[in-house]
Each structure stands twice: as structure tokens, then as C-alpha cells.
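Worksheet: one structure, shown below.
The values are calculated or read from the model by the stated rules, or taken from the named source; none is laboratory data. All values reported here derive from a predicted model rather than from experimental measurement. Note that we place each Cβ from the backbone using ideal geometry, even for glycine, and neighbour counts take in every protein chain shown.
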């Protein structure tokens, strides 16, 4: 009886270790799939690698772009405000009104709104897995960063949560704005003018419908 119990426990340990190893491989494959899709500007492929949190965020930003009034948009955090004003300035109204969260995400990849430099020098290092949640340490130019991408297993497939690094992105944006001595709004408007070659007018603060 004791021998059978030890044998059963050994099989369980081996099974758990194999599962963890397979999951780590799958998590890295998820990141590499997302990265290669971004570098190739293939939104239809990239959307397969992102989780519900990511697509819900894009859906929320799309809805704010369509219906958010000036006070609502002005009171958004820097990253959300940048996203909404970018949509209003760069994408024709007729196209925006046809989109949902998924198609907006795909458009953002295809059009370069999500820049290739956001993933070009990044890899995933050490991975920690707990059930259907995982986090992978970011390696920037081969060096460990104190940042982690988070992943969620959905329908038995690992998906990357792009929103998991938004907090760090916000800190970085605020530091750049501070270093340039600009207000948030001036920073965004100047950036949009630099990207498109035209200065945003007051309509950028108005709802699309």
C-alpha cells in the first residue's frame, strides 16, 4: 500500500512538472507570436495572442472616442487621453463608427499606432505560473527589467495582457512630459502634430456622435 502511494505521488509530481514546463514554453510562444505579429504589422494575427483584458480596454477607448465629451476626455489619465485623442485625430470618423474593440485593436496594429519599437528589443525571461495566471520578466536588450508581462489562460490557451504594463508606461510618459516642461495636453497635441503633420483643432475634444 505504501509503495503504491509513493508511486502515485511520484506520477503526480512528474505530471505537474511537465505541465509547468509545457506552460512556460506556451507562454513564451504566446509572446513571440504577439511580437512577430507586431513587427509584421499583422493585426489579424496579433489579436489571436491577446487576452480579454486587452480587448476590453480597446473597446472602452473606442467608446470614449465616439461619445466622450470634452470634460470626460480631459479628465482621463494620460495614456487613455492620448489614445482617445489619437483615434479622433488619425482615424476617419466613418471608420471609427464601424469598429468594435477587436477591429480597433487590429487597426491599431496595421496602421502603426502600436509601434514596432514597443517590442523590437524585448524578450521574455523568467516565468512564474500559478494556475491560469502567469507573469514573464521583461528582458530589454538582454538585460533584466523590473517589469513583467502578465498572461492569462483563456480556453486553454495562453494570452498576453498588454494592459499589465500600462502603469509603467504611464510613469514613463509623465516623466517625459515633466522633462519637457509641457502640460499633458500640449504634449499630446504636439505629438499628434509631429506624427501627422497637421495640428489638431478644437474638434478633437468633441464626441464623434
Apart from one, (1) crowded, with 20+ Cβ neighbours inside 10 Å; (2) assigned to a helix (DSSP H, G or I); (3) in contact with a strand residue (DSSP E or B) (Cβ under 9 Å, 6 or more places away or on another chain) all hold for residue 134; the odd one out is (2)
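Listed here are the residues, each with its yes/no results for (1) over 17 Å from the mean Cα position of the chain (by Cα); (2) at pLDDT 95 or above.
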{"residue": "131", "(1), (2)": "yes, no"}
{"residue": "151", "(1), (2)": "no, yes"}
{"residue": "157", "(1), (2)": "yes, yes"}
{"residue": "167", "(1), (2)": "no, no"}
{"residue": "185", "(1), (2)": "yes, yes"}
{"residue": "205", "(1), (2)": "yes, yes"}
If you scan segment 192-208, which residues turn out to be in a helix (DSSP H, G or I) and touching a residue at least 40 places away in the same chain (Cβ under 8 Å)? 192, 195, 196, 203, 204, 205
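Answer yes if at least one residue in segment 155-176 is farther than 22 Å from residue 52 by Cβ and touching a residue at least 60 places away in the same chain (Cβ under 8 Å), and no otherwise.
Yes, some residue in segment 155-176 is farther than 22 Å from residue 52 by Cβ and touching a residue at least 60 places away in the same chain (Cβ under 8 Å).
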When segment 96-117 is checked residue by residue, the ones that are loosely packed, with under 14 Cβ neighbours inside 10 Å and either at pLDDT 95 or above or within 15 Å of the chain's Cα centre (by Cα) (or both) are 97, 98, 100, 112, 115, 116, 117
Just need a number here: residues in segment 73-86 that are within 10 Å of residue 205 (Cβ to Cβ) and surrounded by fewer than 17 Cβ atoms within 10 Å (Cβ to Cβ). 1
Of those in segment 175-186 that are more than 26 Å from residue 101 (Cα to Cα) and touching a helix residue (DSSP H, G or I) at 6+ places or on another chain (Cβ under 9 Å), the residue surrounded by the most Cβ atoms within 10 Å (Cβ to Cβ) is 177
Can you confirm whether residue 147 is without any contact (Cβ under 8 Å) to a residue 60 or more places away in the chain and in contact with a strand residue (DSSP E or B) (Cβ under 8 Å, 6 or more places away or on another chain)? yes
Selection from segment 75-130 of residues that are closer than 22 Å to residue 52 by Cα, touching a residue at least 12 places away in the same chain (Cβ under 8 Å), out of contact with any strand residue (DSSP E or B) (no Cβ under 6 Å at 6 or more places or on another chain) and not in a helix (DSSP H, G or I): 76, 77, 97, 99, 100, 111, 112, 113, 114, 119, 129
If I go through segment 45-69 residue by residue, how many of them are over 13 Å from the mean Cα position of the chain (by Cα) and closer than 19 Å to residue 96 by Cβ? 9
For residue 163: the one exception among (1) surrounded by fewer than 19 Cβ atoms within 10 Å (Cβ to Cβ); (2) in contact with a helix residue (DSSP H, G or I) (Cβ under 8 Å, 6 or more places away or on another chain); (3) in a strand (DSSP E or B): (3)
